[in-house]
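Here is the structure we will look at, set down as structure tokens.
The values are calculated or read from the model by the stated rules, or taken from the named source; none is laboratory data. Keep in mind that this is a model prediction, so the values were computed, not measured. Cβ atoms come from the backbone with ideal geometry, glycine included; neighbour counts cover every protein chain shown. Ligands, DNA and RNA are excluded from the accessible area calculation, which covers all protein heavy atoms including side chains. Shrake-Rupley method; radii C 1.70, N 1.55, O 1.52, S 1.80 Å.
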Amino acid sequence: MLLAEYLLLSLVVVQVRLFLHQPQPFLFVHMNDIAEIQCSSQNKFLGGGVTVQWYRRRDAGAPMLIKRCADKQNVSKAACIAEGDTVTLKIYNVQRDDSGVYYCTDSYVSFLEFGNGSTLVVGDSYTSNTWVLSLAPSPSSLLANGTAHLACMVLGVSNLVQISWNISGELQEPRVPRTLKAKDGSFVFINLISVPVDTWASGKMFTCDVKFNSSGRSVKRIARYPEAPARQCSHHTVPLAAAAGLLLLSVSLSLVWTLCPSRLGCQPRISAPPASREHQSGIVYAHLDFDSRNRGGRTLPQSARGKRAKP
């Protein structure tokens, strides 16, 4: 039943984009401010827009009716203002719960007409556990049909975010990301794009741009097609490299035994904790927490160690 309703809603949205248009794909509003979401029509709204209704979708659920413009109740929270071919939904004193994707509808005809939707983000979605990753295909995993799929993942956010793709300066049409909700209540957003293999392998720069609020700067992640691997070594190079490695290992062990004999009471160093890794653009970044003791045995203060910076 839910699948049938979703397919019907998708069909209606495709049909009515010719009639209703929402010119604001994303709106970022501060807490306690006023949000103004616009909806325009090819023709003037009849009856001053009283037939317009507003739906909101949150957490990837079904759209829920939140405001009938003909209803004059609770206008202190949400009100409709009609001016010619545009109806504006004004939401006063917005809170985080007001975030979501808003759809305008017109029930004047026999079936319900939906607009293309406007995403409202109230407040800051960034948290201390937020990560932004760009995932790109390797040359060996490209599909035979000549298509390359790239993904931008945003993890550990508290609210909606704006995700956009830019290919060497050309902004791509925004797409609705896939939404997942983690057990801790945070959200995961995945924005996918598909391009021809020739475009991906042309050396162009694919930039994922994520915006969390109205005032803070965005976070960017870049993906590029990896360069061709170096030519294979000759059959003489491999044995020489192996012999050199064994020689270096032998010399290192000899130095350790000479400089730190067992009679001096040298103690093994405390093993470092596992490194945290971040895969981006085909490169693995490792964040290591080395032992903070210096040669004199003193411990460096906590402030001298690396900290994670907020964008």
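Things worth noting here:
- Here R221 fulfils each of the conditions (1) over 19 Å from P137 (Cα atoms); (2) open to solvent by 30 Å² or more (accessible area, probe 1.4 Å); (3) touching a residue at least 40 places away in the same chain (Cβ under 8 Å) apart from (1).
- Candidate set from segment 169-187 (those that are in contact with a Ser or Thr (Cβ under 9 Å, 6 or more places away or on another chain) and either open to solvent by less than 30 Å² (accessible area, probe 1.4 Å) or among the β-branched types (V, I, T) (or both)); member that is farthest from P23 (Cα to Cα): S186
- Answer residue from segment 77-118, given it is within 34 Å of the chain's Cα centre (by Cα) and free of Cβ contacts under 8 Å to residues at least 40 places away in the same chain and is surrounded by the fewest Cβ atoms within 10 Å (Cβ to Cβ) among those: D97
- Count - residues of segment 119-133 that are open to solvent by 20 Å² or more (accessible area, probe 1.4 Å) and among the small types (G, A, S): 1
- Evaluating E173 against the criteria (1) in contact (Cβ under 8 Å) with a residue 40 or more places away in the chain; (2) under 24 Å from the mean Cα position of the chain (by Cα); (3) closer than 22 Å to C39 by Cα leaves one unmet condition, (1).
- The listed residue being open to solvent by less than 50 Å² (accessible area, probe 1.4 Å), at pLDDT 90 or above and within 30 Å of V52 (Cα to Cα), out of N159, N166: N159
- Residue list for segment 135-152, restricted to those being open to solvent by less than 40 Å² (accessible area, probe 1.4 Å) and either at pLDDT 95 or above or out of contact with any helix residue (DSSP H, G or I) (no Cβ under 8 Å at 6 or more places or on another chain) (or both): A151, C152
- Among (1) buried (at least 18 other Cβ atoms within 10 Å of the Cβ); (2) farther than 20 Å from Q162 by Cα, the one test that P63 misses: (2)
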